[in-house]
Amino acid sequence: MKISSFVYSLRQGMKNILRNRFYSLASVATMIVCIFMFGVFSAIVINVNHVVREVEQGVAVVVYFDEGISDQQITAIGDFIRGREEVADATYVSPEEAWAQFAPVYFGDEDPELAKELMEGFAEDNPLINSANYQIHLKDVSKQDQLVKAISGLEGVRRVDSNDSVADVLTHFNSLLGYLSVGVVILLFAVAVFLISNTVAVGIAVRKEEIGIMKLIGATDLFIRAPFIFEGVILGLVGSGIPLLILALIYGKLDDLLRTKFGMLSGVVTLVSSGEIFRYLVPISLLIGVGIGFLGSMITIRKHLKV
Amino acid sequence: MIHMDNVSKAYSTGNPAVNDINLHIEKGEFVFIIGPSGAGKTTLFKLLLKELEPTSGTITVAGQELNSMKRRQIPKFRRNIGVVFQDFRLLKDRNLYENIAFAQRVVETSSRKIRRDVPQALSSVGLAERYKALPNELSGGEQQRIAIARALVNDPQLIMADEPTGNLDAQNAWEIMKLLEEINEKGTTVLVVTHNREIVDAMKKRVITLEDGKIISDEKEGGYSHED
């Protein structure tokens, strides 16, 4: 297709859209809802995944030993833990290190001098003498249960602590949300395809005579179809561009709000940066928009435009 | 230019619309096809444009064998033929210039050539000054002139007109026929399907008469008169 024909078809496609304003508007509105929902679900899923990853990066499992356990036994337990495939790494924390980690929390850090003095009082009498442990990072939080079971059965292990609930709940929530969003979005996309295909069908009906003349004059199939394909694709692009802009605005505002007004939450709840979210969301949404537009118009063209 | 050998076209019901026709029209001829309604004129017209496939027989138009022609080759083939209809079939929402340019645009002519050819086509039918007018601002005769200009603008080897004077008064009908005759004199083959008795009788051109799907007469300087 020549550039001039491309431009001509593009213009005709836009004319079709303006001519069938009502249908075009309905299609675009549905697309906006689709892509908006898709965007919201994606943003939630990405953010929850981000939290899960952060939880995973935190210590998931802490293993304490029986009193009087020998160094060899501790090493053997360590080797066993490190040998398991779900384990990312396991660090040994001696009683001294445990106390050094815990004491500042215990004495508070408002008066460092006093804290230091108090700590020195315990220098010869470590209250956490039995608190030597392994701190384990997992590769995948969902495998935490099986690890805990395996370690609990070992000889010399007194207790295994794990913060299973948070990661578990999040993982489950995320997969549930994933399924739900896939379902809703597929349904909406089907509606969007249907509406766009109807819009294009109206366009074809309006231009029936013109199409007949084109065929007799010797227009190629592509030339006859191109304006209707453009029509669908433009509807798809507009219908995905607008919700992306809205999403970007809302997301930015929400991020700002969490950082400023709810500063105390910033340690707990942080949003994935909008740059990171929209780096994926923009191309995927635009692609989906164009795809839906193209699919919608092709369905109609195949049905109503036998050239 | 047109060769039909033993061509028949049967629809699923009834007698064949075209029945074993042999027809040969040479380059540069002016030919009328006449006959009563249901004689098979429209079917013949559509067969020549490859809008319909013959049930049997072979058709060659402008040197191209239609039977073996692939679907994607049809558009290029049709560019050899300018088609004119009884109801003009102009695009009502576009002015005269755009109507003619449309014919060039759909065959992907360059914009420069369009700018050069359209004014020429408009003046060849005597409507150069009215290029901005919309079709419904024109008389029937003028609209048909524009339709002819549109058919001519891509330099076809053959002009096929289906009842081109059907919607026109006698004066306008004559003018359209004169225009087609002028086009023919410049070398374009012209095929006119018509009911217009006076014109056919007066123009003394080759006349092929169809009846019940068969050619019942083919006269060099014929007319309707023998039917009476």
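Of the helices (runs of 4 or more DSSP H) contained entirely in the range A:1-107, those carrying at least 3 residues that are within 14 Å of chain B (Cβ to nearest Cβ) fall at A:3-19.
Would you point out which residue out of B:Asp87, B:Asp93 is open to solvent by 10 Å² or more (accessible area, probe 1.4 Å), touching a Leu at 6+ places or on another chain (Cβ under 8 Å), within 14 Å of chain A (Cβ to nearest Cβ) and modelled with pLDDT under 90?
Numbers: B:Asp87 fails: touching a Leu at 6+ places or on another chain (Cβ under 8 Å).
Residue meeting the stated conditions: B:Asp93.
Using the structure shown, decide if A:Asn174 is polar (S, T, N, Q) and closer than 17 Å to A:Ile229 by Cα. Write out each step before concluding.
Working: polar (S, T, N, Q): yes; closer than 17 Å to A:Ile229 by Cα: no.
In short, no.
The set of residues from the range A:276-302 being free of Cβ contacts under 8 Å to residues at least 12 places away in the same chain and either over 26 Å from the mean Cα position of the chain (by Cα) or open to solvent by less than 50 Å² (accessible area, probe 1.4 Å) (or both) comprises just one member, A:Arg302. Taken over the range B:102-118, the criterion of being crowded, with 17+ Cβ neighbours inside 10 Å and more than 10 Å from chain A (Cβ to nearest Cβ) is satisfied by B:Asp117, B:Val118.
Quick one: which strands (runs of 3 or more DSSP E) sit completely within the range B:1-88 and have at least 1 residues that are over 19 Å from B:Glu219 (Cα atoms)? First the steps, then the outcome.
On the way: elements: B:2-9, B:18-25, B:30-34, B:56-61, B:81-85.
The qualifying strands (runs of 3 or more DSSP E) are B:2-9, B:18-25, B:56-61, B:81-85.
Residue-by-condition table, conditions (1) within 14 Å of another protein chain (Cβ to nearest Cβ); (2) open to solvent by 20 Å² or more (accessible area, probe 1.4 Å):
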{"position": "A:Lys215", "(1), (2)": "yes, yes"}
{"position": "A:Leu235", "(1), (2)": "no, no"}
{"position": "A:Ile246", "(1), (2)": "no, yes"}
{"position": "A:Leu254", "(1), (2)": "no, yes"}
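The number of residues in the range B:53-84 that are within 9 Å of another protein chain (Cβ to nearest Cβ) and either touching a His at 6+ places or on another chain (Cβ under 7 Å) or closer than 18 Å to B:Pro156 by Cβ (or both) comes to 10.
With a requirement of 2 or more residues that are farther than 30 Å from B:Phe88 by Cα and in contact with a helix residue (DSSP H, G or I) (Cβ under 9 Å, 6 or more places away or on another chain), the helices (runs of 4 or more DSSP H) lying completely within the range A:111-224 that satisfy it span A:112-121, A:144-152, A:164-206. The set of residues from the range A:72-100 being over 30 Å from A:Lys116 (Cβ atoms) and open to solvent by 30 Å² or more (accessible area, probe 1.4 Å) comprises A:Gln72, A:Gln73, A:Thr75, A:Ala76, A:Asp79, A:Phe80, A:Arg82, A:Gly83, A:Arg84, A:Glu85, A:Ala88, A:Asp89.
Table: residues versus (1) modelled with pLDDT of 90 or more; (2) touching a Phe, Trp or Tyr at 6+ places or on another chain (Cβ under 6 Å); (3) outside the structural domain of A:Gln12 (by TED's automatic domain parsing).
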{"site": "A:Tyr179", "(1), (2), (3)": "no, no, no"}
{"site": "A:Val193", "(1), (2), (3)": "no, no, no"}
{"site": "A:Arg207", "(1), (2), (3)": "no, no, no"}
{"site": "A:Lys215", "(1), (2), (3)": "no, no, no"}
{"site": "A:Ala226", "(1), (2), (3)": "yes, no, no"}
{"site": "A:Val233", "(1), (2), (3)": "yes, yes, no"}
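The set of residues in the range B:99-145 being over 21 Å from the mean Cα position of the chain (by Cα) and of a type in the set (D, E, K, R) consists of B:Glu108, B:Arg112, B:Lys113, B:Arg115, B:Arg116, B:Glu129, B:Arg130, B:Lys132, B:Glu137. Filtered by the rule that a residue be free of Cβ contacts under 8 Å to residues at least 24 places away in the same chain and surrounded by fewer than 12 Cβ atoms within 10 Å (Cβ to Cβ), the range B:13-36 gives B:Thr13, B:Gly14. Sort out which residues of the range B:40-65 are of a type in the set (Ser, Thr, Tyr) and within 18 Å of the chain's Cα centre (by Cα), and write them in order of number. Those that are of a type in the set (Ser, Thr, Tyr) and within 18 Å of the chain's Cα centre (by Cα): B:Thr42, B:Thr43, B:Thr60.
The values are calculated or read from the model by the stated rules, or taken from the named source; none is laboratory data. Quick caveat, the model's predicted, so the values are computed rather than measured. So basically every Cβ, Gly included, is an ideal-geometry build from the backbone, and we count neighbours across all protein chains shown. Calculation scope for accessible area: heavy atoms of the full protein, side chains included, ligands and nucleic acids excluded. Shrake-Rupley method; radii C 1.70, N 1.55, O 1.52, S 1.80 Å.
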